[in-house]
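Engineer: So that we are looking at the same thing, I have put the structure below in structure tokens.
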Amino acid sequence: MQVKRLEKRLTIAERLAIPEILKGLAFTFRIMFRKRVTRQYPEERYEAPIAAKGQPLLVENEDGTPRCVACSMCEVVCPPKAITITGGETEREIEREPEEFRIDMLRCILCGLCEEVCPKEAIVMSDRLELADFTRESLVFDKRRLLTPVSELSNRIRYTKEKYDKWHSPSS
Amino acid sequence: MSSGAEGETRMTTIKVDGVEHEAPLGGRLLDFLESIGKVVPRFCYHPGLSVAASCRQCQVESVGKGPRPGTIVSCRERIVEGMEIHTDSEAARKARAGVMEFLLLNHPLDCPICDKAGECMLQDTAYGTGQAAGRTVEPRRHLPKRKSLGDKILLDNERCILCTRCVRFFEDVCGEPQLTVVDRGDRSYLDTFLGEPLRGNYQGNIVDICPVGALTLKKFRFRSRPWFMTSTPSVCGLCSRGCNITIDVRNNRILRIRPRFHGEINRWWMCDEGRLDFDAYNMQPEEGRLAEPLIRDGEGERPAELSELLALAAEFCREGPALALLSPFATVEEGEAFRDCFAGLDGARAGFLAPGRSARADRLLHTDDPCPNRAGLSRIEGLEAVAPSEIGDCAGKTVFLSGFGLDVLLHGEARTALGRAERLIVHGHRRPGFGNPALLIPARTPAEKNGRWVNGSGIEQRIRPALRAPTLVPDDLEVFRGLAERLARPQEVKA
Amino acid sequence: MTTAALIATLVKIAVFFGITISLAAVSTLFERKISAWIQQRYGPNRVGPWGVLQPLADGLKFIFKEEVAPAGANRLLFRLAPAMAAAPAFMTVAVVPFTFPLILDGTRIPMAIADIDIGVLFFMAMGSLAVYGIMLGGWASNNKYSLLGGLRSSAQMISYELAMMVSVITVLTLAGSMNLTRIFEAQIPLWNIAVFPVGTIAFGIFLIAAFAETNRHPFDLAECETELVGGFHTEYSSMKFALFFLGEYSAMVMMSGLITTFFLGGPSLFGLVNGIEDPWIKVLAGLGVFLAKVCFFLFLFIWVRWTIPRFRWDQLMHLGWKLLLPLSLANLLLAGTLVATGVL
């Protein structure tokens, strides 16, 4: 390999290193009085941007019914197999809904594939990023804990509609 | 369809996609195209039914001699000399895409809800043909979506593409028409005669042959997506017909049973009894399944090692006059091992239960024999067929009842007689419901074991395990071999 | 020894030792605070107001941590090493004069725990002992990183000890005594750092060697994390680790105290404190001045650590043997000549 050497002679002062050390010390001393950049986390919360992928949640319609129809697309696409769905029949016009819908947040890798694949916009990634807890059991979320009113998730639903171009028309 | 019973079939040479093939003269074009590996989509054509040629999805282009130039419906066409067929030409593809678009005009977009998704012919073909979106803006046709056709089947009229497979099934196979297409043109829809619920023991088959999700089985609805299930080929055990079946399992539970083609036994069909009566196989320990060896201990029972139970069973059998009764659900291998157990034992009577004929026989599949392996066990020398009336008085005797299903086949007097036994040893998948068993050895169900069954017409077939047995349930063969060993060498058992 | 003298000694031990340990503890807090500031962070600010209770929290944590000894470790030496590393630093406290002698009713009470005439020798002896703790800790851990750290540390401390001691001898030449109280008293008119060129050069050499002796950046090759995980204390946990930690910071405090005594006139401040009439006020003011100087050096230690990157091993040896040692010897020769000829 061709190496080009820069023949730069150091000056006496540079070779002594003491002036350089003093320069460095002066620099760090100045920095000590600059404004701090650390976010004081529990007091100053992180406002997740709309693109952030937090815990996946199920969308609950205005009338309190789940939007999910238990089609199992998310279950089959989920890379770490965090989702378990048991389908069930309802008396509503959309005859199918999840009897049980479980997301094991210990397994979930927040990849967002479930959201992308969902044909009903029924599962979306929320802005919930604080996912620690004390027991394993409490981190397996069931349907009751996953269902979230649509009003809280509408921003993300709008965003994904645009992002994944889910209902694109053939002309576009 | 084996139309050629008249000795040998004459062959001819036809051209398919530019390549020459030897084809049976007069054979069905669609069957032939399939046999040489061409993919021809179809909805209404089913090899077990008469030809309706109503869906027009199997169109191919004919350019040579024969029917007429242009697109032809390959399910209806017979092979003639000098035929030249293009399966993938522009015209053929255009014709099929057009049909597809018409079929999808009013088909609801509810694949996520539909139970058929994943094994739906319409879905597969739509993906294959590749038209991503419809061109219509008009509202879709709305029809009753959840219409109960009796206690087994549910009909969704919106999804129906009017292929009439189900209609023809009742006409051609059952010989008793029950379904029909009502009204005409774009208003036509499927319904039963006079809105009566469906009758008969063969309704489930219309769910299998339905190319879309219009007909669904109430028992299976929404239980699982087909791609999550593991399918095991096996044989139905509910009568001596020995229908070939596929067992679909998820999380070690049977969710549904489908017929599997066997030309000489059941063809494409099976009865609803075999299709829906799998709850006994799914029985869990908390529901009464015998999941561990138990010994009667005073009033109660205590769990014990299998070896301890076998040693005790051997001792009991040696002490008194013994009657050993095997279930007719047992496989041939088990029958032989069972006979070997008691072969050298003085005064022992070993046989399999041979119940009387039932009144369940019909002219299609179901036989009057409730035992799946009566023929196989009858062939075994040294194993006598014991009818329930021949059991006799069991007072003072040791009785060994073995195998899945024995308790179901025993009724009334036989139960009372067996209940009087001095010592009752039960080897079964659950408690017998009579007598007071001294020993309870857990047994496997036919869905949990390997082996051979011989059906009523003498065809030997293999059953395969679709489920995992509970951990402490030994294989039935292991029980028989262990017992045989202990009966043959009593000294070692004592030590 | 009279009872009064005994009581005075006990009080001095309590006060000076207490001051040393407290300073060591506070400097752990400041180490983290200053490093944070230099990196535009806040540093510990959760335990107590402004994080002042952080050293206490650290101590508590160390107490409750599990003690782990690696398999194959020499158990006796493994346990002994932290004590041997911390003890020399604590013992050096004995000879450092924290302030002016207290003169009460004509009795002169020197403000060092042991105002011995061979104080400098005592300090040198203790400095040489410090290497044992680190070396034994590294060897007894049965870990290659620990061993390498211990080896490096001993080589480095021996190398820099030479230059350091020669520069101390220069100071002795100037002061004419090995009693540390006498040494700072001799500087009341003029601090050694200002005695140009010999005092200044000796100060420079001593300061550099002090960094090396305390295993501080830029000479912390004994524990350099990027190469040796944690160096000699890789395998140490709980209070054993805390002892190493405390020893290191106590050594820093002591080094700062000695630099102050040798070169910055100890508690004196341009004759201002010296002139105070009231003996108690004089002693307290002297203590204040002394501690202020010590704190400045502690700050310097920390400040340098977060500014200058670590030396390479060969550069370290090169600097010690080929530069500092000849320079200090030449400086000593010059000082001797100047003193002998009466110039100084």
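Nothing in this text is a laboratory measurement; each read-out follows from the coordinates by a stated rule. Just so it is clear, the structure is predicted and the values come from calculations on it, not from any experiment. Note: ideal-geometry Cβ built from the backbone for every residue, glycine included; neighbour counts use all protein chains shown.
Engineer: Starting from the Cα-Cα distance between C:ILE7 and C:LEU333, subtract it from 0.36 nm times their residue separation and give me the gain in nm to one decimal.
Structural biologist: Taking C:ILE7 through C:LEU333 to full extension adds about 113.0 nm, to one decimal.
Engineer: Another question, if that's okay. Students often get this wrong, so check it: of A:LYS23/C:LYS33; A:LYS143/B:LYS218; B:LYS15/B:LYS38, which have C-alpha atoms separated by over 19 Å?
Structural biologist: Beyond 19 Å between Cα atoms: A:LYS23/C:LYS33; A:LYS143/B:LYS218.
Engineer: With point charges of +1 on the Cβ of Lys and Arg and -1 on the Cβ of Asp and Glu, referenced to the Cα centre of region C:63-340, which listed residue (C:ALA140, C:SER256, C:PHE206) lies farthest in the positive direction of the dipole?
Structural biologist: Of C:ALA140, C:SER256, C:PHE206, it is C:ALA140.
Engineer: With a cut-off of at most 15 other beta carbons within 10 Å, and DSSP calling the residue loop, which GluC sites (Glu not before Pro) in region A:45-131 qualify? Please list them.
Structural biologist: Sparse-neighbourhood loop GluC sites (Glu not before Pro): A:GLU47, A:GLU62, A:GLU91, A:GLU93, A:GLU130.
Engineer: Per 5 Å bin from zero, what fraction in whole % of the C-alpha pairs of region B:274-425 is there, up to the bin with the longest pair?
Structural biologist: With a bin width of 5 Å, the distribution comes to 2, 8, 15, 19, 21, 18, 10, 4, 2, 1, 0.
Engineer: Would you mind computing, in nm to one decimal, how far apart the modelled labels at B:SER50 and B:SER231 are, each placed 7 Å from Cα along Cα→Cβ?
Structural biologist: If labels sit at B:SER50 and B:SER231, their model points lie 2.9 nm apart.
Engineer: Could you sort A:137-147, B:373-383 so that the peptide with the highest average Cβ count within 10 Å comes first and the rest follow in order?
Structural biologist: In descending order of packing, they fall as B:373-383, A:137-147.
Engineer: Is it possible to state the helix-based mean residue ellipticity at 222 nm for chain B, with each DSSP H run of 4+ residues giving -39500 (n - 2.57), the sum divided by total residues, to the nearest 500 deg cm²/dmol? What is it?
Structural biologist: Calculated at 222 nm, the ellipticity per residue is -6000 deg cm²/dmol.
Engineer: Can you list the aspartates and glutamates whose alpha carbon sits under 17 Å from that of B:LYS65, skipping same-chain ones fewer than 8 residues off?
Structural biologist: Within reach: B:ASP17, B:GLU20, B:GLU22, B:GLU77, B:GLU81, B:GLU84.
Engineer: Quote the FRET efficiency, to the nearest 0.05, computed for A:ILE157 versus C:ALA14 with a Förster distance R0 of 56 Å and r equal to the Cβ-Cβ distance.
Structural biologist: Working from the Cβ atoms, E equals 0.20.
Engineer: Another question, if that's okay. Please give the net charge around B:GLU158, taking every other residue with its beta carbon less than 11 angstrom from that of B:GLU158, where Lys and Arg add +1 and Asp and Glu add -1.
Structural biologist: Spelling it out: positives minus negatives among the neighbours equals +4.
Engineer: Subtract the Cα-Cα distance of B:GLU478 and B:GLU384 from 0.36 nm times their separation in residues, and report this length gain in nm to one decimal.
Structural biologist: Between B:GLU478 and B:GLU384, full extension yields 31.6 nm more.
Engineer: Not counting the cut sites, what is the longest span of chain C without GluC sites (Glu not before Pro) that DSSP labels loop and that have at most 15 other Cβ atoms within 10 Å?
Structural biologist: For GluC sites (Glu not before Pro) (loop position, at most 15 other Cβ atoms within 10 Å), the longest site-free span of chain C is C:68-276.
Engineer: Ok, one more. Over all residues in A:25-35, what is the mean tally of Cβ atoms on other chains that come within 10 Å of each residue's Cβ?
Structural biologist: Across the residues of A:25-35, the mean count of other-chain Cβ atoms within 10 Å is 4.
Engineer: Positive end of the charge dipole of region C:63-340 (Lys, Arg +1 and Asp, Glu -1 on Cβ, about the Cα centre): tell me which of C:PRO88, C:TYR236, C:PRO70 has its Cα farthest that way.
Structural biologist: Comparing the listed Cα positions along the dipole, C:PRO70 ranks first.
Engineer: Please work out the FRET efficiency for the pair B:THR471 and A:VAL76, using the Cβ-Cβ distance as r and a Förster radius of 30 Å; give the result to the nearest 0.05.
Structural biologist: Efficiency, rounded to the nearest 0.05: 0.55.
Engineer: Apply the Karplus curve 6.51 cos²θ - 1.76 cosθ + 1.60, θ = phi - 60°, to the phi angles in region B:220-232 and return the couplings in whole Hz, x for Gly and Pro.
Structural biologist: Ordered by residue, 3J(HN,Hα) equals 9, 3, 6, 6, 6, 6, x, 6, 8, 9, 9, 9, 10 Hz.
Engineer: Please list, by residue number, every one of the trypsin sites (Lys or Arg not before Pro) in region C:273-335 that is coil in DSSP and has at most 12 other beta-carbon atoms within 10 Å.
Structural biologist: C:ARG312
Engineer: Ranked highest first by the average count of other Cβ atoms within 10 Å around their residues, in what order do B:414-423, A:12-21, C:99-108 fall?
Structural biologist: Descending packing order for the listed peptides: B:414-423, C:99-108, A:12-21.
Engineer: Also, I was wondering about something else. Just grab the label-to-label distance for B:GLU273 and B:VAL182, each label 7 Å out from Cα along the Cβ direction, in nm (one decimal).
Structural biologist: It is 3.2 nm.
Engineer: Right, another one. Quick one: among C:THR261, C:THR170, C:THR200, which has the greatest mean-square fluctuation in a GNM of chain C with alpha-carbon springs under 10 angstrom?
Structural biologist: Fluctuation is largest for C:THR200.
Engineer: Can you spot the aspartates and glutamates whose alpha carbon is less than 13 Å from A:LYS53's alpha carbon? Ignore those fewer than 8 places along the same chain.
Structural biologist: Candidates past the 8-residue exclusion: A:GLU115, A:GLU116, A:ASP127, A:GLU130.
Engineer: Give me a comma-separated list of calculated 3J(HN,Hα) values for region B:390-396, in order, Karplus coefficients 6.51, -1.76, 1.60 applied at θ = phi - 60°, integers in Hz, x for any Gly or Pro.
Structural biologist: Karplus-based 3J(HN,Hα) across region B:390-396 equals 8, 5, x, 7, 10, 4, x Hz.
Engineer: What's the local net charge at A:THR28, with K and R +1, D and E -1, over the other residues with C-beta under 11 Å away?
Structural biologist: +4
Engineer: Hey, another quick one. If R0 is 25 Å, what FRET efficiency do you get for B:ASN251 and A:VAL150 from their C-beta distance, rounded to 0.05?
Structural biologist: Efficiency computed from Cβ-Cβ geometry: 0.20.
Engineer: Take B:GLU119 and C:GLN40, extend 7 Å from each Cα along the Cα→Cβ direction, and tell me the distance between the two endpoints in nm.
Structural biologist: 6.3 nm
Engineer: Moving to a separate point now. Could you pull out every whole DSSP H run in chain C that spans at least 20 Å of Cα extent along its own axis and averages -0.5 or higher on the Kyte-Doolittle scale?
Structural biologist: Qualifying helices, which must be both long enough and hydrophobic enough, are C:3-38, C:75-92, C:119-140, C:144-175, C:198-213, C:238-263, C:279-305, C:325-340.
Engineer: Distance check, please: which entries in A:LYS81/A:LYS120; A:LYS35/C:LYS61; C:LYS144/C:LYS322; C:LYS61/C:LYS144 exceed 22 angstrom between their Cα atoms?
Structural biologist: In this structure, A:LYS35/C:LYS61; C:LYS144/C:LYS322; C:LYS61/C:LYS144 exceed 22 Å between Cα atoms.
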